[in-house]
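Below is one structure, written out as structure tokens; the observations come after it.
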Amino acid sequence: MHFRGHTTMSSPLRVGLAGVGTVGASVVTLLERQRAALASRTGRSIEVTAISARERGRERGVEIEGFAWFDDPVALAASPDIDLFVELIGGDEGPARQAVETALGARKPVVTANKALLAKHGMALAALAEKQHVALAFEASVAGGIPIVKTLREGLAGNEIRRVYGILNGTCNYILSRMELEKLSFEQCLSEAQRLGYAEADPTFDIGGFDAAHKLAILSSLAFGTAVDAGAIHVEGIQSISLADLESADELGYRIKLLGVAERSEHGIEQRVHPTMVLKSSAIAQVMGVTNAVTIDADAVEELTLVGPGAGGGATASAVVADIADIARGIRSPPFGLPVASLDHSARLPMQRHEGGYYVRLSVHDRPGALAAIATRMAERLISLESIVQRSKPGKRSPVSAGTTVPVVLITYATTETLIREALAAVVADGYIAERPQVIRIERD
Ligand SMILES: NC(=O)c1ccc[n+]([C@@H]2O[C@H](COP(=O)([O-])OP(=O)(O)OC[C@H]3O[C@@H](n4cnc5c(N)ncnc54)[C@H](OP(=O)(O)O)[C@@H]3O)[C@@H](O)[C@H]2O)c1
């Protein structure tokens, strides 16, 4: 922690803001609304002095006349008239990356909400910030308004973290919650989310799990002192989740959530994003709608869950302003909790090594011996079944066999990804199955 000299402490902190969209405009509003409180909390007045966006004339819901205008965010980042650069443009390349690099290169601290940029270039940017002795702060990049970066980096500094997992994408949680509560299809809920502005016109990034993966890459680094490695994350989205899965989950005492999970095991660090069965009694299962949540398992604190708004202008601005306040106070922590050279670069655990319980839903041809054959394929790989349930719903005509099929749901005890995949390949090869098996991993409590 570094405190500046008294003279600097009392001079205003001049903020240059690039991107005055949903988050940027809310930051302007919040800094204005909390002006006096922030000045007394930090000992410095915080003033937005210059901004950059694409279209000068656009209505933004905030007054921008008093700020110097820059067409080019890179020129703003280099301006000698700002003390701090805030990047709220987005994107992992282009103007956002260039402007952040320029600001750091000019020895200006940077605050950003840009998880895509950090997931891709976080290590290089942190190294640059360190070399230049300036802060690179990104509280808003993960789980919006939830102060999870500070919690992991500072609040839990006395702990060894075993696992961090959470609902990191509000759009997916909204869709899964609506499907479950209203018994609607995935497609219906997705178009509803788009209508309400929760999902982009091209929703792949959210529903495919990629946005959650960017956030998980950052959380994992903070939790385990490892270099950000987004490429090593196993990513699956929620597109394949059907009402049948949600109903089976409900009957079995589970809910299905898209989770990002990072876990330290004796074999290495595992990072994965996929639909997950969580016990209905768990804290994370209670989180419905666009809300985000992060649970941390650690040795001293045991279990901690933070729940809150993961997106939206106001909530995200809350995190951006907290970072600005830290910088106004002269606080500078290593961006990822450790000096960049000390971050661990060892390889992440491949998904095949994952160990856990599995939910498997099969559409089985209604023939004698099918269930016994499935159980045998599992037993051959030492997979123990906690339950095997032929669901009571009447079977439907199978398009493949012209016979009827019955839905069968298996719950396994802990096994490995490799073994369950091998067993299911054998079940498919036996010819008893009408559709591709649905597999959902069960997260232990
Ligand atoms: N929205 C959220 O809830 C949320 C939550 C957490 C994190 N974030 C992150 O926060 C960042 C901003 O998100 P947002 O939702 O506020 O985006 P947004 O509403 O689309 O705003 C983006 C802003 O960047 C400006 N911009 C785009 N290209 C530019 C360029 N080449 N030069 C200068 N300005 C440029 C736009 O200018 P114009 O206004 O002139 O078009 C706009 O003001 C992203 O990294 C996002 O991932 C957002």
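Here is a check on your reading of the model: is Ser265 modelled with pLDDT under 95, of a type in the set (Ser, Thr, Tyr) and either over 15 Å from the mean Cα position of the chain (by Cα) or within 22 Å of Gly16 (Cα to Cα) (or both)?
When the stated conditions are applied, Ser265 passes them.
Can you name the residue in segment 152-183 that is over 17 Å from Val290 (Cα atoms) and surrounded by fewer than 18 Cβ atoms within 10 Å (Cβ to Cβ) and is also farthest from the chain's Cα centre (by Cα) among such residues? Before you say what the answer is, go through the steps one by one.
In the first step, residues of segment 152-183 are kept if they are over 17 Å from Val290 (Cα atoms); the result is 152-164, 183.
Those still in the list that are surrounded by fewer than 18 Cβ atoms within 10 Å (Cβ to Cβ) too: 154-155, 157-160, 162, 183.
Values: Glu154: 20, Gly155: 20, Ala157: 21, Gly158: 24, Asn159: 22, Glu160: 21, Arg162: 18, Lys183: 26 Å.
Among those residues, the one meeting the criterion is Lys183.
For segment 200-210, which positions are crowded, with 24+ Cβ neighbours inside 10 Å and out of contact with any Gly (no Cβ under 6 Å at 6 or more places or on another chain)?
Hit for segment 200-210 is Asp206, nothing else.
I'd like to check something: does segment 211-223 contain any residue that is among the hydroxyl-bearing types (Ser, Thr, Tyr), closer than 23 Å to Phe336 by Cα and at pLDDT 95 or above?
For segment 211-223, residues among the hydroxyl-bearing types (Ser, Thr, Tyr), closer than 23 Å to Phe336 by Cα and at pLDDT 95 or above: present.
Hey, Ser221 hits all of (1) surrounded by fewer than 17 Cβ atoms within 10 Å (Cβ to Cβ); (2) more than 24 Å from Val409 (Cα to Cα) but one; which does it fall short on?
Evaluating Ser221 over (1) surrounded by fewer than 17 Cβ atoms within 10 Å (Cβ to Cβ); (2) more than 24 Å from Val409 (Cα to Cα) leaves (1) as the failure.
Please go through segment 44-72 and pick out each residue that is part of a strand (DSSP E or B), touching a Pro at 6+ places or on another chain (Cβ under 8 Å) and away from the ligand (no atom under 11 Å from the Cβ). Full working, then the answer.
In the first step, residues of segment 44-72 are kept if they are part of a strand (DSSP E or B); the result is 46-52, 68-70.
Of the ones still in play, those that are also touching a Pro at 6+ places or on another chain (Cβ under 8 Å) are 46-47, 52.
Listed by number, the residues that qualify are Ile46, Glu47.
For Lys280, which of the numbered conditions (1) closer than 26 Å to Leu190 by Cα; (2) buried (at least 20 other Cβ atoms within 10 Å of the Cβ) fails to hold?
Among (1) closer than 26 Å to Leu190 by Cα; (2) buried (at least 20 other Cβ atoms within 10 Å of the Cβ), Lys280 violates only (2).
Looking at Ala311, Ala315, can you tell me which residue is in contact with a strand residue (DSSP E or B) (Cβ under 7 Å, 6 or more places away or on another chain) and either at pLDDT 95 or above or buried (at least 18 other Cβ atoms within 10 Å of the Cβ) (or both)?
Ala315
Anything in segment 14-43 that is within 8 Å of the ligand (Cβ to nearest atom) and touching a strand residue (DSSP E or B) at 6+ places or on another chain (Cβ under 9 Å)? List them, or say none.
Scanning segment 14-43 gives Ala18, Gly19, Val20, Gly24.
What's the total number of residues in segment 308-336 that are within 24 Å of Gln34 (Cβ to Cβ) and more than 16 Å from the ligand (Cβ to nearest atom)?
Residues flagged as within 24 Å of Gln34 (Cβ to Cβ) and more than 16 Å from the ligand (Cβ to nearest atom) within segment 308-336 amount to 9.
The values are calculated or read from the model by the stated rules, or taken from the named source; none is laboratory data. In this text, all values refer to a predicted model and were calculated from it rather than measured experimentally. Positions of Cβ are generated from backbone atoms using ideal geometry, with glycine treated the same way; all protein chains shown enter the neighbour counts.
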